[in-house]
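Some notes on the structure that comes next.
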Amino acid sequence: MSLFPLGRMFDELLWADGHFGLEAFTRFAATPGIGATILRTAVLVGVASVFAVLIGGVIAYLNERTDARMGMVTDTLPFLPFLIPGVAGAVGWVLLLSPQAGFLNAVIRWLLDFVGIHLESGPIDVYSYSGLAIVYTIYLVPFAFLIISAGLRNMDTQLEEQSRICGASQFRTLRKVVLPAMAPSIAAAFLLVVWNGFGMYSVPSVIGESGGARIMSVEVVSLLNFTFPPQYGPAIVLSLVMVGFVGVLWYLQTRVLTRSRDSAVAGRGQRAPRIALGRWRLPVRIALLLYVGAVTVLPIGAMVLVMLNGFWTTHIRMDNLSLAAFREAIFDNPQTQLALKDSFGLALAGATLAVLIAVLVSTVVVRSRSRWTRTADGLLKLPAVISHLVLAIGFVLAFAGPPFRLGGTWTILFIAYVSMFVPQGTLATDPVAVQVGGELNEASRMSGAHGWRTFRKIFFPLMVPGMAIGWALIFVRILGDLEVSQMAAGSGNPTIGSQMLVLYTAGTFSDVAALSVVLVVATSVIVGGVLLLARRGSRWAIGETPTGVTGP
């Protein structure tokens, strides 16, 4: 489904006027300030990615290799920022770090007054490039933590044990053994955070625009939505520049993988004992909890305060707090109600269909050894390596105009979401499909069950945990999406993301805060419930499925 929009993009790029030409590149080069925008974005994403990998790697190492780990607490806390959709989180950080009215800035100024330092504003400016880099980093850390944690868990620990037996210090073992062995995972984490950084639109659209910072993703949307006629050619070229940056990093990652083969160890030894931090154990645990609390509790708390107060001010009075602003924002605004209905409907339907397709695809690919099947699987996963903002342009070009004329409809959003998120769904269902032993498939076949019955009785129950995780991640991404909806949604089918951006631009911060709180609570409750069901489903599948294989 995504190949047609991508083909339509290149058709528009090279054959816009019915004949081959490079006019789009000429108009792109003539766009005012485009070179500075590219350089500014590259530096911003590069700096944020380095810090995200550093922070995510430190948290992952402390959790996987030291006794600072607190079980499920430290396993799940770094993922909490995922439950705060980008547009809601960006609004929360604006409420915290705005130079004049930011809550956190007000607290810092109040504390500085006690030591004789008096400031009229700041000291942190979220609208600056450094402030934007901080928020970028916060939202990229979970991606780095995910990849590096997996690498540490799968890493053979024999070399670490031998290094310590030979008398090497913990730091020397980390520098000489762990980091070289982890180079592929670190490179993969850096590639993932850069990919997400270049494609991020929600954060710079809220923070960067207010501060006058032009970022590539914002520039792409501006060329299409705020220019008449829409500048498809320059927007596509700028999108390809983003893809080019990711492509260069992908090439560098392959070089790292090639050079790291010598550091790999065949097999996997027994898990090494955790490093005892001694008196540093409690401070490290407190630091981990403070970090996660700062990046999740603070922005949510700021949004709750503004929602209950009815307007944004640093002078909060307890007797002014009420739910009046919440009721007015959610129940008295028809456009907001329509956005909630559309987004929840799209998230539920899109996530469900995408995961079901992903399950079928993973099952077919695992059971089939055909080269054509593998090729089709690779093409299906193509959207996973391309920014959603880039793909959104293709879907608008392919389906908004004739002959489909789906522009500004619920249908074009649904098609785009399913097409984009099926590949991400397969990333969750592929591993569990592989883990379903071939002997179960053979036993089912020997019992006379084939095809659909084997899938229904064997593969589907055992893949429930992976399906649930994939569904939850896709649901959250669709519900808080702004990249696709800003390009494809119309006034008749607003989404939560697009409606929040409209309300934010209009300065109705209490309405934005109320909608953000609804979004965060909904994602937390639904995702938590799905993951709980997945855990129970996993136990049921292990206990029931193998004995449930029967004949026809």
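Points to keep in mind about this one:
- Averaged over residues, the count of other Cβ atoms within 10 Å places the peptides 102-109, 186-193, 317-324 in the sequence 186-193, 102-109, 317-324, highest first.
- Spin-label pair TYR251/PHE311, simplified geometry with 7 Å Cα→Cβ offset, distance in nm: 5.6
- Counting beta carbons within 10 Å around each of GLU328, GLU483 and listing the fewest first gives the order GLU328, GLU483.
- Residue exposure sequence - TRP312, TRP250, TRP15, TRP471 - by fewest surrounding Cβ within 10 Å: TRP15, TRP250, TRP312, TRP471
- For region 119-152, backbone nitrogen atoms closer than 14 Å to the point 7 Å from LEU112 Cα along Cα-to-C-beta are found at 119-126.
- Alpha carbon centroid spacing (whole Å) that separates region 320-348 from region 470-526: 10
- Fewest-first sequence of TRP280, TRP372 by Cβ atoms within 10 Å of each Cβ: TRP372, TRP280
- Local net charge near SER498, Cβ-Cβ under 11 Å (Lys/Arg +1, Asp/Glu -1): -3
- Between region 97-122 and region 1-56, the C-alpha centres lie 39 angstrom from each other.
- Net charge of Cβ neighbours under 14 Å - reference PRO123; Lys, Arg +1; Asp, Glu -1: -2
Each value in this text was obtained by applying a stated rule to the coordinates, not by laboratory testing. Since we're looking at a predicted model, the values are computed, not measured. Every residue, glycine among them, receives a Cβ derived from its backbone with ideal geometry; neighbour counts consider all protein chains shown.
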